[in-house]
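The values are calculated or read from the model by the stated rules, or taken from the named source; none is laboratory data. Since we're looking at a predicted model, the values are computed, not measured. So basically every Cβ, Gly included, is an ideal-geometry build from the backbone, and we count neighbours across all protein chains shown.
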Amino acid sequence: MSDPLSQRPDPPTPTEQEWLRPVASSEHHQGDEVSLLRVANTLLKRWRTVVFVPLAAGIVTAAISFAVRPTFTATSSFVPEARSSARLTGGVADIAGLASQFGLSLGAEGSQSPRFYAELARSRQTLEHLLVSRFPNVDGRGAIQDSTTLVRSLQVSGKSFSDSLELGVRKLRARLSVKVDNPTSIVTVSVEVGDPDLAANVTNSLVGYLNDFNSQVRQSQARERRKFVEQRVKEGEDDLREVEEQLRRFYEANRSWQQAPQLVFEEGRLRRQVEIRQNVYLTLRREYESARIEEVNDIPLITVIDRAVPPVRRSWPKRSLLVVLALVLGFVMASMWAFSADYMDRARTEARDDYVEFKELLARMRLELSRLIGRSKPRQRV
């Protein structure tokens, strides 16, 4: 009996074409992809454009950067003194410390937080004060001339003084930078102008104005508190004298008050009134002395960490960075043009029909656009 497996026909041997079919497919797939060699060939074919366009962009950018007037940035930092209205202990103190990481202040007045000073530095009142302040004027040769206002130093010219002040506020606010570090409560102020000495003077004047404004606000608050406590001291003193006079008259009218229970009760009531008025008067007296001390307190409420000094290097323009960016952008634009030109050349030879159709459609679009533009123009009356 013969084996059925042995009766099966042998599989056909692949022909030469079938062996080469996968290789041809792989070569066709690789041909569809843009190889590095084709990219290099495209760039080398138009190497003059790829090389000279970025070079020209870098040279033009460098020339413009030298023509632009440089600016300098001066920086100063300070720490505002935060006076807590009440002492925080235990878990409340931990919550207050955690809240300070996010710029929140618990147990302190809002006008004592670093964010308050940041907003105060950007306020219109502060900027107008700086604009009308006078600073030493430095000419182009570095010689110090007569002092002039900041609004003139910034070369702001409006239709009127108020208009110039408005434009100066906008310009100065754009050149002012205020940053607050929440964990340390450090406020950093930076001013960017065209002269290094002027930048340092304006920055220090800004910090000084914040300190003066803060001192005036604190002193006015202490003055109002002192006046209120002073008035209460006078009222407390009058009340104390009134109850003491009542007790004196009681003793004079009732010399043997110890013998009558009703008089003993009345004497105790009057004596308690005197003790209460005495305690109130002593408390108000202590508050009055504290308010007087706080009113004349000359401890600075802003601790300056770094005073602004004239910067040595300019902050703008950064010529090296601009030239590098111009070179990169010029190379990208030149490469895109090279690939576009190469694609159009291939379209003329390999896909001539598509290229002819593209030119016809482009010409038709131009014709239709010209007709639409001609219709939109108003006709002149004869």
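Can you tell me which residues in the range 327-356 are part of a helix (DSSP H, G or I) and more than 23 Å from Leu44 (Cβ to Cβ)? Correct list: Arg352, Asp353, Asp354, Tyr355, Val356.
Identification of helices (runs of 4 or more DSSP H) wholly contained in the range 64-179 with 3 or more residues that are surrounded by fewer than 17 Cβ atoms within 10 Å (Cβ to Cβ) and at pLDDT below 90 yields 91-100.
Of everything in the range 207-219 that's surrounded by fewer than 15 Cβ atoms within 10 Å (Cβ to Cβ) and closer than 16 Å to Phe116 by Cβ, which residue is nearest to the chain's Cα centre (by Cα)? Taking the candidates together, the pick is Asp212. The residue list Asp239, Asp197 contains one member that is under 28 Å from Arg307 (Cα atoms) and outside any strand (DSSP E or B), which is Asp197.
Within the set Arg255, Arg232, the sole residue that is charged (D, E, K, R) and either more than 26 Å from Leu282 (Cβ to Cβ) or not in a helix (DSSP H, G or I) (or both) turns out to be Arg255. Among residues of the range 181-206 being buried (at least 21 other Cβ atoms within 10 Å of the Cβ) and among the β-branched types (Val, Ile, Thr), the one that is modelled with the lowest pLDDT is Val193. So which residues in the range 295-324 are among the charged types (D, E, K, R) and crowded, with 16+ Cβ neighbours inside 10 Å, if there are any at all? Those that are among the charged types (D, E, K, R) and crowded, with 16+ Cβ neighbours inside 10 Å: Glu295, Arg314, Arg319.
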